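S.K.: Below you'll find the structure I mean.
The values are calculated or read from the model by the stated rules, or taken from the named source; none is laboratory data. These numbers were taken from a predicted model, which means no experiment stands behind them. No Cβ is skipped: glycine too gets one built from the backbone with ideal geometry, and neighbour counts run over all protein chains shown. Please note that ligands, DNA and RNA were not included when accessible areas were found on the heavy atoms of the full protein model with its side chains. Shrake-Rupley method; radii C 1.70, N 1.55, O 1.52, S 1.80 Å.
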Number of protein chains: 2
Amino acid sequence: MENRKKVEVCHTPSLYDQYKKKNQVVVVIDVLRATSAMCAAFHNGVKKIIPVATLEEAKGYKDEGYIVAAERKGQIVEGFSLGNSPFGFMSGEYKDKTIVITTTNGTRAFHTARDAEQVVIGSLLNLDALSDWLIKQEKDVLCLASGWKDKFCLEDTICAGAFVDKLINSGKFTTEEDSSIAAKYLYLSARENYMAFLKASSHRKRLKALNLNEDMKYCLTPNQTNVIPIRRDNYLILLEE
Amino acid sequence: MENRKKVEVCHTPSLYDQYKKKNQVVVVIDVLRATSAMCAAFHNGVKKIIPVATLEEAKGYKDEGYIVAAERKGQIVEGFSLGNSPFGFMSGEYKDKTIVITTTNGTRAFHTARDAEQVVIGSLLNLDALSDWLIKQEKDVLCLASGWKDKFCLEDTICAGAFVDKLINSGKFTTEEDSSIAAKYLYLSARENYMAFLKASSHRKRLKALNLNEDMKYCLTPNQTNVIPIRRDNYLILLEE
């Protein structure tokens, strides 16, 4: 009982300092769409992803000849050929390549957790695979929702709640923060039909207006891959076990 | 449709800047127990409440002869005779008096909203009365949950969700933030039995350990009063209509 590890949820990057602990594995979550796109990219053979916070950094990498994905306001930034749509990474043309990516929220959350002992990338796409791996680590886990411009966002919280549910059901984890309890409740209400549950959400409306319904359906369908993207220095690679 | 006002929820004071707007009425909520105690105090005849952020200020007022209530860590601070238990304000001895109060979270939220056009005090105790008044104002409303040391807290979010539900049901309000949608979902799940819903919550465990179950039952029972505490300058008075 007492040696169970904690799994907690932080709803936005700006609250990270209130929830961080030593020796914690941080799961960065940006369901729509940065971390879903990262999972899709690794699933399709990408070798390395370098998340950068600013467009300036992204442009610098582009000038050096890197493949660069850049999203702002839900759209591909002018001058770049990739954004954060998972479908952009599925053609196979980026197999064994390195990709630099900058997005509105997800890459910022990645950098917020820079002091964490370990950082992995979570989404509904790799829910079971990542949960199984987290359970084996025997470390405290913090699910860091990327949110939307530092506001609470429903789909990231629901995904975080899914990780909380999986880890608690293993019998090896417990939770003590209200943020985690709320996330789990919201996940349990949402899991039968994510699209319906999110119909009123701000992000869904935003993406629907951009004709990104297919992206949403894909990102909201759990367990389409077993990849576990993990941080090394300032980039991400696929965890090989 | 388009001239409906917005009712939104901010989960903790540190996110206030992301949610604040001009011409907004801010409802400060600290269910366990500051804003519940304030409602109970006005219901029992208190004339004026001065919320202060620090113990130093509270001590200064005490030295000047004011009646001062001070709570930290769920308990009455040594040297003071009142904390934030609603039952402390029910004897009738404070009728027509001014009370100075400082608490861990609630008074801080009150000061966070210092730039708001209007600030009122909300709790489950005055849910219907305050909702009816808010509906008549025809202004945007922001429910500011006090949280617990800048973390998300379940009971304040549920109470905020109750206000969202009431205001939306009037037909005169709409909501666009995910934080508000989540709060409303949590309220709809909790309203049949708040005590059971909150059994895992951190605050309930904290108060239970302090033998404050009766306080909790009282604070979680909606509509026990019609008082609407409203800010004037740096203090609160009872709104007289």
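S.K.: Just give me the residues in the stretch B:161-187 being over 17 Å from B:Val26 (Cβ atoms), more than 9 Å from chain A (Cβ to nearest Cβ) and touching a helix residue (DSSP H, G or I) at 6+ places or on another chain (Cβ under 8 Å), in sequence order.
M.R.: B:Asp165, B:Ile168, B:Ser170, B:Lys172, B:Thr174, B:Lys184, B:Tyr187
S.K.: Here is a follow-up. Would you mind stating whether A:Thr157 is within 12 Å of chain B (Cβ to nearest Cβ), touching an Asp or Glu at 6+ places or on another chain (Cβ under 7 Å), touching a residue at least 12 places away in the same chain (Cβ under 8 Å) and open to solvent by less than 40 Å² (accessible area, probe 1.4 Å)?
M.R.: no
S.K.: Also, I was wondering about something else. Facing chain B (nearest Cβ under 9 Å) and surrounded by fewer than 24 Cβ atoms within 10 Å (Cβ to Cβ): does that describe A:Ala209? Walk me through it before giving the result.
M.R.: On the way: facing chain B (nearest Cβ under 9 Å): no; surrounded by fewer than 24 Cβ atoms within 10 Å (Cβ to Cβ): yes.
For A:Ala209, the condition - facing chain B (nearest Cβ under 9 Å) and surrounded by fewer than 24 Cβ atoms within 10 Å (Cβ to Cβ) - is not met.
S.K.: Which residue pairs have Cβ atoms closer than 7 Å, lie 6 or more positions apart in sequence or on different chains, and pair a first residue in the stretch B:185-209 that is of a type in the set (A, V, I, L, M, F, W, C) with a second residue that is open to solvent by 80 Å² or more (accessible area, probe 1.4 Å)?
M.R.: That search, which allows pairs on different chains as well, returns B:Met195/B:Lys217.
S.K.: For the stretch B:128-159, what are the residues that are over 18 Å from B:His111 (Cβ atoms) and of a type in the set (Ser, Thr, Tyr)?
M.R.: Of everything in the stretch B:128-159, those that are over 18 Å from B:His111 (Cβ atoms) and of a type in the set (Ser, Thr, Tyr) turn out to be B:Ser131, B:Thr157.
S.K.: Find all pairs meeting these conditions: Cβ atoms under 8 angstrom apart; at least six residues apart or on different chains; first residue within the stretch A:30-51 and at positive phi; second residue among the small types (Gly, Ala, Ser) and open to solvent by 20 Å² or more (accessible area, probe 1.4 Å).
M.R.: The qualifying pairs are A:Gly45/A:Gly92.
S.K.: Right, another one. With the checklist (1) surrounded by fewer than 24 Cβ atoms within 10 Å (Cβ to Cβ); (2) under 13 Å from the mean Cα position of the chain (by Cα) in hand, flag the one item A:Asp132 doesn't pass.
M.R.: The one condition A:Asp132 does not meet is (2).
S.K.: Let me ask something else. Which condition number does A:Asp17 fail, the rest of (1) open to solvent by 60 Å² or more (accessible area, probe 1.4 Å); (2) more than 14 Å from chain B (Cβ to nearest Cβ) being met?
M.R.: Here A:Asp17 clears every test but (2).
S.K.: Read through the list (1) under 27 Å from A:Val52 (Cβ atoms); (2) touching a strand residue (DSSP E or B) at 6+ places or on another chain (Cβ under 9 Å); (3) at pLDDT below 95; (4) not in a helix (DSSP H, G or I), then give the number of the only condition that A:Leu236 fails.
M.R.: (3)
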